[in-house]
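Down below is the structure, laid out as C-alpha cells.
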C-alpha cells in the first residue's frame, strides 16, 4: 500500500514470483509521485517577416502532455497539443513586425503545471526602399543616391554601379564624371539574424542631363489660308517656350502647344511666312531654338465696278475681278452685313483671256461681303457697299409677262403726286394717273411702243416705252 498524498519522489516497487510456480521473475516498477507539476521554461524565438513559420519545442516531464494556448495565459484558445507546435496564419501574423505570445503548460492528467510563455518576435525583413527615377544636371555637383530612394530604406546596404558609369563612390554619384546619359544604380540590403540569407534590392535610375537639346516640333512648316484661323503649333519636349524673334527676347507662349493670335502674333490677312522659335529647358538651362514656320497662302481678288441701286427696284450690281491663286478655279458667294446668304457658292468660268470675273446682280442698296474661294478652300472676303442712285430713271422697255421681274412700268426715284399720261401710237390715251404708283402693266394692251408724258417735281418728261411680253427659257 502506497500513500500517494504523503509520499513524493520516485517510488520503486519490486515484485518477485514465488513457489510453487517454477516461473520466478523480478521486476522493479518506478513510480514518480508529484505533489505539483513543475513549470516549463519561458522561451522566445525570432522569425523573419514574411519568412517561414517557426516550430516551437517543449521538453515535458515523463508522462505529461504539453498544451499550447494563444495569448498570455492558459485561459486563451487551445491551439495545439504535443511537444512541438508550428503556428499557422490563423495564430501568427508573420507579415507584420511585432510580438505574438503563446502560453504552454504540461499536464499529467491530475495536475497541470503553472503557465509558461513562448514569445515569437517577427523582426523586419531587409528593406532597400523603392525604385525611383530622377534627373540631375552635369553642373549640379555630386548626388547622394540615398536621398533619391523611395520609401524608408534600411541603412548599411551597399551600392552597385549597374551600368558602369564610373561615377559612383559609396552612395555618391558625380554627374560631371558620368557625363550625359541614363544610369541605373542598385542598393542592396542583406538580412541578419533570423533574416540571414534574405536580401532586398532597389534601383535608382538617374538621367544625367548636359545642355538641353532643342525640342522636336511636330511640323517644321504649318500651311494655312489667309483669313482663316491660325494653326495650333505643337512641339515635344520639357519646359517649352515659344518666341516670335530669333534673339529669344519676346516670349509669346509656353507649353507643348501654342496658337498664335491674329493681329498680335501673326497677320492672317497677308500671304507670306511667319517664323516662330521654340526652346525647351529640361532643368539644366534653356536650349537653342527650333524654327517653326506658318506659311499663309490664299486668294487674291478685287472689287471691280459697283452699280448702285434704286429705292423702287433692286438693280445694284457688284463685279469681282482679278481672281488669282495657286489653286484655281474659283467659286464666289455673297452675304449681306447680317450674314444672310444672297448668292450661295457659284462657279466662276475662265474667260478666253484666262481671267476670272463674276458679277452679282439685282442687289438692293446696303453693305455686302463678297467671298472668293479657290480649289484648296482658301477664302478671300471683300467688303463692298451698294449705294442708292438719286437721279430719275425712266425705262424704255418693260416686260409684263408675270415672271416677277420688270413686270411694271417703274419710274425710279419718282416723287409724290406724279402725274402720268400714256397714249398709244395713234394718240389714244390708254392710262393716266394724278398720283402714279408705278403700277401700270399695260393690261389688255398689245405689245408695242407707247408714249408717256410725266409731270414730276416741276418738270415734264416725255418719251416712249416698249411693251414686251416675251418670256425667255430662264424666265426673264
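Every number in this text was worked out from the coordinates using simple rules, so none of it is lab data. All of these numbers come straight from a predicted model, not from anything done at the bench. Backbone-built Cβ (ideal geometry, glycine too); neighbour counts: all protein chains shown.
Overview of results
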| read-out | value |
| --- | --- |
| MRE, 222 nm, helices only [DSSP H, n ≥ 4, -39500 (n - 2.57), over the chain, to nearest 500] | 0 deg cm²/dmol |
| Spherically averaged projected area of the range 297-348 from its Cα convex hull (nm²) | 4.6 nm² |
| Rg and Dmax of the range 283-412, Cα atoms only, in Å | 21.2, 85 |
| Cα-based equivalent ellipsoid, the range 397-467: semi-axes from gyration tensor eigenvalues, Å | 19, 15, 10 |
| Residue order, fewest to most beta carbons within 10 Å, for 345, 440, 426 | 426, 345, 440 |
| Isotropically averaged projected area of the range 185-241, using the convex hull of Cα atoms (one quarter of hull area), nm² | 7.7 nm² |
| Inter-centroid distance (Cα atoms) of the range 121-177 relative to the range 236-271, Å | 41 Å |
| Modelled FRET efficiency - R0 22 Å, residue 182 with residue 236, Cβ distances, 0.05 increments | 0.80 |
| Footprinting exposure proxy for 134, 113, 171 (fewest neighbouring C-beta atoms within 10 Å first) | 134, 171, 113 |
| Hydrodynamic radius by Kirkwood, which averages 1/r over all alpha carbon pairs of the range 21-176, in angstrom | 20.6 Å |
| Near-label residues of the range 297-314 by backbone N, under 20 Å of a point 7 Å along Cα→Cβ of residue 350 | 298-302 |
| Sorted by Cβ neighbour density within 10 Å, fewest at the top, the residues 335, 349 | 349, 335 |
| Percentage of interatomic Cα-Cα distances in the range 132-209 larger than 19 Å | 33 percent |
| Potential extension, residue 462-residue 77 segment - 0.36 nm per residue separation minus Cα distance | 125.5 nm |
| From the C-alpha gyration tensor of the range 157-285, square roots of 5λ in Å | 50, 15, 10 |
| Calculated P(r) of the chain - Cα pairs past 31 Å, % | 75 percent |
| Alpha carbon centroid spacing (whole Å) that separates the range 64-100 from the range 396-412 | 116 Å |
| The chain: relative contact order in percent, alpha carbon pairs under 8 Å with at least 6 residues between | 8 percent |
| DSSP-defined beta bridges in the chain - what % are antiparallel, rounded to 5 | 85 percent |
| Area projected by the alpha carbon convex hull of the range 216-292, averaged over all directions, nm² | 4.7 nm² |
| Calculated FRET efficiency for the pair residue 96/residue 155, C-beta based, R₀ 30 Å, to 0.05 | 0.85 |
